[in-house]
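S.K.: Handing you this structure, nothing more for now.
The values are calculated or read from the model by the stated rules, or taken from the named source; none is laboratory data. Note that the structure is predicted; figures quoted are calculated from it, not measured. All Cβ positions, even for glycine, are placed from backbone atoms using ideal geometry, and neighbour counts span all protein chains on display.
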Amino acid sequence: MDRSRTKKALGSEEEEGRISSLSDEDLRARNKVLEPKDEPSAALNVSSVDCQTKLNRKNHHTNEFEKAGNIYRRGQAFVIRVEFDREVKSDHDVILLQFTYGSRPQESKGTVIRIPLDLKPTTKTSDVTETWFAEVKNIAGKGLECAITSAPDSSIGEYRFYIETNLKDTDAVKRYEEKESMIILFNAWAKEDTVYMDKEEERGEYVLNETGRVWTSRTWYGRPWNFGQFDDPVLDVALQLLLEGGLSDVACTSPVSVIRCLSSLCNSCDNNGVLAGRWTKEYPKDCTIPWKWTGSVPIIKEYHTNGNKPVRYGQCWVFSGLLTTMCRCLGIPTRSVTNFDSAHDTDSSMTIDSHWDEDGEPLEDMNDSVWNFHVWNESWFRRLDLPEGYDGWQAHDATPQEASEGIMRCGPAPLTAIKEGHVYLNFDIPFVFGEVNGDRVQWVVKKDGTMEVSQIDHSAVGHYISTKRMGSNDREDVTNLYKYPDGSEQERRVAKFVNRYSTRRKQNIYKLDTTKVLNFTVSPPDNTLIGDDMEIKVAVKNTADGPLKLHLTVSLVNAYYTGVAGSRVKTQTFEETINTKDEKIVTMPVKGTEYHDGMNPEGRFQLYISGKNIDSGSMESTQVSFVLKKPQLVIQVPQTIEAKEDTEATIVFKNTTQLVLTQAEIAVEGSGLLAPQTIDISSPIKPGDEVKKTVVLHPRKPYYWGRELIATFTSKQIVDIETSADIKVIRQNKDNDSDSD
């Protein structure tokens with residue numbers, strides 16, 4: 001793999017005088033240690049090199065990669081065996097191993113690593129050091145076996161390998177270049193590596209697990225996702241992105257720099273990254289809508305096949321799944337995380353603004369967006385670039401929202417810093433803090449255009465923060481890693497501290513009296529099947545010391561999960577007098593025909609509820625989002641199947657709605673089971689119709705870890721229907737089971 005990063009710059013006349021004009025090729029040609037040499041002498045000649053790839057890859061937990069070759073993890077020994085043309089004589093022979101990295105390798109830059117061999121074999125493994133080292137394990141006749149350990153902070157990527165031989169007290173050198181290169185990755189098993197994780201269960205989940213869950217609704221059931229980090233061409237593309245991102249050789253040692261690069265290039269906003277985002281109701285015909293994706297591999301394959309052109313289209317959970325794949329592929333422990341009621345702070349105020357007119361009607365176009373949910377990533381590593389206390393999970397995000405240092409990326413931000421409000425640290429902590437812990441400020445816009453604060457909600461955002469639990473597909477709540485409990489003394493302490501860094505700190509909105517006297521309890525119709533009539537109930541409780549005469553407004557709006565409002569469905573007003581401490585329920589019925597035409601195919605809606613005190617003119621409000629229920633998708637397949645044998649799986653969809661579904665497709669994939677494929681359903685699916693489609697699974701080998709078959713159903717009218725099935729792949733012939741993981 002070509003690691004040249006400077007060809008464009010070197011060819012530019014404007015760069016003359018600023019950087020060296022010597023090309024990568026010319027520099028390598030001048031570097032004598034990169035030349036194969038065969039000077040006449042009695043020194044050893046290399047006959048062959050056995051990289052013992054299968055054994056080393058198993059020991060390095062890289063045997064699942066489809067990509068062939070030497071793929072190892074840094075800070076861990078790998079073994080090679082070298083055959084020479086004659087017997088090795090430890091008293092006379094000199095052997096040196098050399099590894100080179102990058103397009104401009106130089107010993108002075110640490111990208112040419114030269115390791116003299118002590119030819120006295122040892123069976124004792126040396127203590128891990130901060131540098132590369134090698135130990136001879138055995139010398140027998142013409143053969144030599146040695147263990148080589150890369151530095152635990154080695155640059156990740158491709159290395160070339162050389163063997164130098166000469167005789168003691170002579171200058172004549174022979175230099176052999178091994179035709180097979182090797183790739184070094186991060187190592188969560190090595191204590192000296194910054195990505196080290198202590199527990200095997202954690203490493204298995206966050207580095208090795210090829211499937212997972214991404215939460216897009218507030219249920220225990222997450223959306224299945226095939227990360228497929230070991231499939232081709234994931235590793236090649238991940239390493240290529242580091243080149244496209246212009247990372248220096250030194251930057252490739254750090255998970256911080258690598259993640260900054262990947263979070264930028266997983267989206268297409270800068271430098272033709274992998275995936276383009278789109279959040280519209282309608283999509284072009286020649287694209288893949290976000291809900292259709294079942295995993296990351298088809299995205300990466302399409303990007304690779306089409307000459308690194310951005311793939312269309314993704315939304316936040318797709319960007320997160322893609323970034324999890326890239327990070328796990330490179331060895332960085334990573335997981336996808338969902339934040340519900342996720343604020344999008346556009347002005348670094350760390351507050352979220354909502355606006356209403358004086359009659360209680362929502363002014364949606366003026367609002368900051370609060371995404372119903374937003375999915376980002378966390379990766380585990382030590383932060384050597386920060387003071388002590390910020391190691392562990394780091395939040396980062398590939399979904400393009402706000403620029404970070406001029407580029408669409410976010411993080412990595414230590415969760416400890418987010419929780420404590422240390423927004424002055426790197427990277428992008430103010431933005432992530434606002435997503436999970438910002439205050440929602442309700443503004444009343446008067447007829448003359450002036451505004452006043454009517455309410456501040458300290459617990460409007462950052463709920464139910466979810467990720468997949470280790471060892472199961474259940475949800476784990478990680479809200480406590482991001483914030484103190486809403487309303488607690490610690491949470492208010494952090495908010496007060498953070499306000500010192502807010503762009504709105506001089507407005508003193510927190511000194512205003514915004515005491516609430518109304519409690520709204522909304523019963524959203526989220527058990528209503530999409531297309532059916534629904535009923536919205538709102539309970540309003542008066543907590544004031546006296547009765548209140550209220551003008552209540554309930555508005556239903558078609559919505560996107562990003563919090564952006566679509567078309568208005570219905571608004572209804574109520575005049576109610578509620579005695580102190582009493583509660584009244586108002587009901588707004590909505591027929592299916594009232595929302596069909598403008599409905600987003602997600603079936604997602606936003607409720608805006610306001611209560612205006614008729615006597616005083618003060619107003620309080622709230623907002624609630626919900627999604628209507630959808631039909632189910634089912635996979636029928638045996639729980640256990642045999643490797644290298646065909647097995648049929650049937651995917652069943654029944655249209656239980658009153659809608660006619662058109663332009664329907666079923667997408668299906670399963671790492672190690674079958675290649676990703678799409679099944680078009682040409683005929684309209686009428687109410688009550690059932691569709692059955694069969695695919696053939698052909699697992700390439702048995703697996704210790706279970707496999708997962710994932711399917712999605714999309715149509716013009718309804719999207720976001722998915723399912724999965726767990727499958728164990730075995731081989732009946734136990735004597736031939738050596739290629740299982």
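S.K.: Residues of region 525-575 being among the small types (Gly, Ala, Ser) and surrounded by 15 or more Cβ atoms within 10 Å (Cβ to Cβ), which ones?
M.R.: Residues satisfying the conditions are Gly531, Ala544, Ser555, Ala559, Gly563, Ala565, Gly566.
S.K.: Please tell me if Glu364 is farther than 30 Å from Pro676 by Cβ and in contact (Cβ under 8 Å) with a residue 40 or more places away in the chain.
M.R.: yes
S.K.: If you don't mind, another one. Residues in region 405-420: is at least one in contact with a Leu (Cβ under 6 Å, 6 or more places away or on another chain), more than 17 Å from Cys316 (Cβ to Cβ) and surrounded by fewer than 19 Cβ atoms within 10 Å (Cβ to Cβ)?
M.R.: Checking region 405-420: not a single residue is in contact with a Leu (Cβ under 6 Å, 6 or more places away or on another chain), more than 17 Å from Cys316 (Cβ to Cβ) and surrounded by fewer than 19 Cβ atoms within 10 Å (Cβ to Cβ).
S.K.: Only one of these conditions is not met by Ser108: (1) in a strand (DSSP E or B); (2) farther than 11 Å from Ala134 by Cα. Which number is it?
M.R.: For Ser108, the exception is condition (1).
S.K.: Do we find that Cys261 is assigned by TED's automatic domain parsing to the domain that holds Lys301, more than 18 Å from the chain's Cα centre (by Cα), among the hydrophobic types (A, V, I, L, M, F, W, C) and not in a loop (DSSP other than H, G, I, E, B) in this structure?
M.R.: Answer is no for this residue.
S.K.: I've got another one for you. So which pairs qualify, if the first residue must be in region 424-453 and assigned by TED's automatic domain parsing to the domain that holds Met366, the second must be among the basic types (Lys, Arg) and assigned to a helix (DSSP H, G or I), the Cβ gap must be under 8 Å, and the two must be at least 6 apart or on different chains?
M.R.: Correct list of pairs: Phe427/Arg260.
S.K.: Still on this structure: Is it the case that region 716-725 has a residue that's at pLDDT 95 or above, crowded, with 23+ Cβ neighbours inside 10 Å, part of a loop (DSSP other than H, G, I, E, B) and β-branched (Val, Ile, Thr)?
M.R.: yes
S.K.: Looking at this structure, is Val214 touching a Gly at 6+ places or on another chain (Cβ under 9 Å), assigned by TED's automatic domain parsing to the domain that holds Ser379 and hydrophobic (A, V, I, L, M, F, W, C)?
M.R.: So Val214 passes the test.
S.K.: Here is a follow-up. Suppose we keep only residues that are touching a His at 6+ places or on another chain (Cβ under 9 Å), small (Gly, Ala, Ser) and surrounded by 23 or more Cβ atoms within 10 Å (Cβ to Cβ) within region 360-404. Which one would you say is nearest to Tyr561 (Cα to Cα)?
M.R.: Filtering first and then ranking leaves Gly360.
S.K.: Follow-up question, since we're still on this one. Mind checking which residues of region 642-694 are surrounded by 15 or more Cβ atoms within 10 Å (Cβ to Cβ) and small (Gly, Ala, Ser)?
M.R.: Ala643, Ala649, Ala664, Ala667, Gly670, Ser671, Gly672
S.K.: Moving on. Does Arg312 fit the bill of being in a strand (DSSP E or B), surrounded by 20 or more Cβ atoms within 10 Å (Cβ to Cβ), of a type in the set (Lys, Arg) and at pLDDT 95 or above?
M.R.: The answer is no for Arg312.
S.K.: Which fully enclosed strands (runs of 3 or more DSSP E) of region 341-438 have 1 or more residues being farther than 30 Å from Met451 by Cα and out of contact with any Gly (no Cβ under 7 Å at 6 or more places or on another chain)?
M.R.: 370-381, 392-397, 410-414
S.K.: Out of contact with any Leu (no Cβ under 6 Å at 6 or more places or on another chain), outside any strand (DSSP E or B) and not charged (D, E, K, R) - does that describe any residue in region 78-91?
M.R.: No, region 78-91 contains no residue that is out of contact with any Leu (no Cβ under 6 Å at 6 or more places or on another chain), outside any strand (DSSP E or B) and not charged (D, E, K, R).
S.K.: Let me ask you something else. Give all pairs with beta carbons closer than 6 Å in which a residue from region 224-252 that is surrounded by fewer than 23 Cβ atoms within 10 Å (Cβ to Cβ) meets a residue that is acidic (Asp, Glu); count only pairs at least 6 apart in sequence or on separate chains.
M.R.: Asp232/Glu66
S.K.: Of the conditions (1) touching a strand residue (DSSP E or B) at 6+ places or on another chain (Cβ under 7 Å); (2) at pLDDT below 95, Lys629 clears all except one; give me its number.
M.R.: Only one criterion in (1) touching a strand residue (DSSP E or B) at 6+ places or on another chain (Cβ under 7 Å); (2) at pLDDT below 95 is unmet by Lys629, namely (2).
S.K.: Can you say whether Thr650 is closer than 30 Å to Ile730 by Cβ and among the hydroxyl-bearing types (Ser, Thr, Tyr), as far as the supplied structure shows?
M.R.: So Thr650 fits the description; yes.
S.K.: Of Ser48, Ser41, Ser103, which residue is over 32 Å from the mean Cα position of the chain (by Cα), assigned by TED's automatic domain parsing to the domain that holds Ile163, touching a residue at least 24 places away in the same chain (Cβ under 8 Å) and part of a loop (DSSP other than H, G, I, E, B)?
M.R.: Sole residue among the options that is over 32 Å from the mean Cα position of the chain (by Cα), assigned by TED's automatic domain parsing to the domain that holds Ile163, touching a residue at least 24 places away in the same chain (Cβ under 8 Å) and part of a loop (DSSP other than H, G, I, E, B): Ser41.
S.K.: Moving on. If you go through region 609-619 one residue at a time, do you hit one that is buried (at least 16 other Cβ atoms within 10 Å of the Cβ) and either touching a Pro at 6+ places or on another chain (Cβ under 8 Å) or without any contact (Cβ under 8 Å) to a residue 24 or more places away in the chain (or both)?
M.R.: yes
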